[in-house]
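What follows draws every value from the coordinates through simple rules; no lab data is involved. Just so it is clear, the model here is predicted, and its values are computed rather than measured. Neighbour counts run over all protein chains shown; Cβ positions are idealised from the backbone, glycine included.
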């Protein structure tokens, strides 16, 4: 994929064939990044890779993996190493969709997959690819979280908890890695017009017109701009920024340091 002289920057994007991940892939391609695109559906992944190569004259490495499998992260890292590709930007975008069930009624296999993809896979990929960044003293990481992780919704208990983890880990890593030249940005979108959101709306019998949504293009652009300007936390949409501010204010007012 890349030459031995590492002439081009390369970005690895999980969930890069749809929604926010696809829009982030386009933005990276426009800026000249070669791409490593990871997604489960091979046919669609290859189609997106071919499209981006044709439009932006970059090279791509499509890797079809099911990220619910624990071994997938090492396999991705090994494939990138075999291709002698230097990852300058890691985008952890892939996520398992929320399961709108009461906790005691949730399917344990689905819950395990959700935890694997949203927490373990993200952590493992970050650990694998951050080590070479630290050696070089340069690199960028963009993790896609959710407003659900900041304002826990009882409808999506485990999902909300996993996204809270993503937000917290990202902000911790931003402080840890900044001294060695690596920036970490967490993107915190609200409802976004994606296939995943549509599936959730259908499962809960929600009319999408009753929710304030943003397009994947808007969310991706906000996240990419924040990444490139070195922001630690990006919350697209004024309505969501206000909602989070109100939630934080309410949470702070409920803390009474005089009682245990």
- [ ] Quote to one decimal, in nm, the extra length available between residue 131 and residue 155 on full extension: 0.36 nm per residue of separation minus the C-alpha distance between them.
- [x] 5.0 nm
- [ ] Place the peptides 183-195, 133-145 in order of packing, highest mean first, counting for every residue the other Cβ atoms within 10 Å and averaging per peptide.
- [x] 183-195, 133-145
Open item on the list: Can you give me the angle between helix 157-177 and the longest principal axis of the chain, using Cα atoms only, in degrees from 0 to 90, rounded to the nearest 10?
Closed with: 50 degrees
- [ ] With a Förster radius of 25 Å, plug the Cβ-Cβ distance of residue 212 and residue 30 into 1/(1 + (r/R0)^6) and report the FRET value to the nearest 0.05.
- [x] 0.35
Open item on the list: Could you give the length gained by full extension between residue 247 and residue 40, i.e. 0.36 nm per residue of separation minus their alpha carbon distance, to one decimal place?
Closed with: 71.0 nm
- [ ] Take the Cα gyration tensor of region 1-104, multiply each eigenvalue by 5, square-root it, and list the three semi-axes largest first, rounded to whole angstrom.
- [x] 25, 16, 11
Open item on the list: Helix 238-253 against the longest principal axis of the chain: what's the angle in degrees, Cα atoms only, rounded to the nearest 10?
Closed with: 50 degrees
- [ ] Among (1) 60, 41, 34; (2) 58, 37, 36; (3) 63, 46, 38, find the value of Cα extents along the principal axes in Å that was calculated from the structure presented, and write down its label.
- [x] (1)
- [ ] Figure the gain on full extension for residue 104 and residue 176 (residue separation times 0.36 nm, minus the Cα-Cα span) and round it to one decimal in nm.
- [x] 22.2 nm
Open item on the list: What is the angle, in °, between the Cα long axis of helix 72-82 and the longest principal axis of the Cα atoms in the chain? Nearest 10 is fine, range 0 to 90.
Closed with: 20 degrees
